[in-house]
Amino acid sequence: MEATGTDEVEKIKSKFMSAWHNMKYSWVLKTKTYFSRNSPVFLLGKCYHFKTEGEYRALHSCQSSSAGIRAETVLCLAESGELSTDGSNFDKINTEISGNVEEFRKDFISRIWLTYREEFPQIKGSALTTDCGWGCTLRTGQMLLAQGLMLHFLGRAWVWPEALDMESCDSESWTSSTVRKLTASLEASLAAERDPKVLARPPARRDWDGTERRNEAYHRKIISWFGDSPLAAFGLHQLIEYGKKSGKMAGDWYGPAVVAHILRKAVEEARDPELQGVTVYVAQDCTVYSSDVIDRQCSFVDSGKAGTKAVIILVPVRLGGERTNTDYLEFVKGILSLEYCVGIIGGKPKQSYYFAGFQDDSLIYMDPHYCQSFVDVSIKDFPLESFHCPSPKKMSFKKMDPSCTIGFYCRTVQDFEKASEEITKMLKSSSKEKYPLFTFVKGHSRDYDFASSPIHEENDLFSEDEKKRLKRFSTEEFVLL
């Protein structure tokens, strides 16, 4: 009886924490984000212009009825006196939204968004069924890897056909809505009435042609690889298992450098035949050894035929000491404007974000600090909405924490050589003291006395030299919540 009573207490505690997480981590989509009409917006190598006559445009939550657009974010007039900041007279400018604005919205919403989840299968070796409060860097790492896989299977021009069909949130006060959500969630949980698998009903299926059906199949498959179950190749459960070999456990804080190595190991160990054409390389001591990268690319043999792998290059760096050095701003902008870029695992102190673009001196990011219910991605036609972010966010570069991991995707060896040449020029022009953030060098890492050997270990995540470097990184990195 005593054990049964203890179990009941733990269940009630778990349900209460679940409801608390719903409240605490549900603010992220409700803040407004403003975009200037006078400056270009860059998103993962693509440039958008919002300029129209006499307007200042702002991205925030509102709804268009006459234009037939229902989405979390739309472009509205603001601060010009022609539109109230609450969007109450939004219909006034429906016909003035430029095509480029819609293209940006479709592009941003089409990126895969991975956030805190709750009520997923218990993580092995722990009692955790949620990553709320500790898993944000793993989530931003997942988003970066997901973007690399989207480039690989779908290409940069692909956008989700249903991106603009995303339902907008209600227009009620967020404070009152959150309180009601907390109360209702707790009551329903205790009454065992809550089904975490039930989300918004997906939009009606369009009449797709063969290419669109193929793309949608890959879209779903990529998301399924990041599902919150022990079987998902890049799901939280698998990433934590690989992290254990570096001394990290479920519930611990992860830094951008550690996550880079965990992602490399996860891709190496992935068994899905579709993933055999992709590899991940992590820079060593801020150095990319070209021959090591090319060796990884040229190690692919399928059905007896030699070929090459696409490579995702991850470069852990620091953009300064205790604070980010603003001298690196132009370099970060340059990186995010490259077609090879798959984003940056970074954030600000105590919070990790996935940086995907910029406007002026502000970074555009996707925020993982939003608690959503578990989705079973193994079922047919699982709902997709919760894996796409309707609201871009912006943050001043000055607030960025110096620890981050930069990612690039190169489909072929020729792409890698071209990318390394372009990035090297960018590094040289951005380095005022002739000490670039990282470098590309010819040859293998073993050719240099000061570097460790290439990593091809089967039974350990990191070599001894890597562990020493990661220990140094971990003492410098920010604490993430």
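How far apart, in nanometres, would the label points at ASP327 and LYS244 be if each is projected 7 angstrom from Cα along the Cα-to-Cβ direction?
Taking the simple label geometry, ASP327 and LYS244 are separated by 4.4 nm.
Taking amide H positions as placed in the peptide plane 1.01 Å from N, state which residues far from LEU128 in sequence (5 or more) or on other chains have amide H under 5 Å from it.
So LEU128 has HN proximity to ILE123.
Quickly work out the ASP376-to-TYR435 label distance, labels modelled 7 Å from Cα along the C-beta direction, and quote it in nm with one decimal.
5.5 nm
For a Förster distance of 45 Å, can you work out the FRET efficiency between the beta-carbons of THR211 and ASN38, rounded to the nearest 0.05?
After rounding, the FRET efficiency stands at 0.75.
Of the listed peptides 251-263, 416-428, what is their order by residue-averaged count of other C-beta atoms within 10 Å, with the highest listed first?
By packing density, highest mean first, the sequence is 251-263, 416-428.
Using just the alpha carbons, could you tell me how many Å³ per residue the convex hull of segment 227-312 encloses?
101 Å³
On full extension of the chain, what length is gained from GLU274 through TRP158, given 0.36 nm per residue of separation minus the C-alpha to C-alpha distance?
Fully extending the segment from GLU274 to TRP158 adds 39.9 nm.
Quick one: what are the phi-derived ³J(HN,Hα) couplings along segment 358-363, Karplus 6.51/-1.76/1.60 with θ = phi - 60°, whole Hz, x for glycine and proline?
Working through the residues one at a time gives 6, 9, 6, 9, 10, 8 Hz.
Compute the convex hull volume of the Cα atoms of segment 304-447, divide it by the residue count, and report the result per residue in Å³ as a whole number.
So the per-residue Cα hull volume is 183 Å³.
Let's test the formula: R0 of 22 Å, r as the Cβ-Cβ distance of ARG446 and CYS298. What FRET efficiency results, to the nearest 0.05?
About 0.80, to the nearest 0.05.
Label LYS221 and GLN414 with points 7 Å out from Cα along Cα→Cβ: what is the distance between them in nm?
So the label points at LYS221 and GLN414 sit 2.5 nm apart.
Quick check on my link table: of LYS32/LYS399; LYS309/LYS394; LYS46/LYS309; LYS248/LYS428, which ones sit more than 27 Å apart, alpha carbon to alpha carbon?
In this structure, LYS309/LYS394; LYS248/LYS428 exceed 27 Å between Cα atoms.
Every read-out reported here was derived from the displayed coordinates using simple, explicitly stated rules and does not represent laboratory data. Here the structure is a predicted model, which means the values were calculated and not measured. Note: ideal-geometry Cβ built from the backbone for every residue, glycine included; neighbour counts use all protein chains shown.
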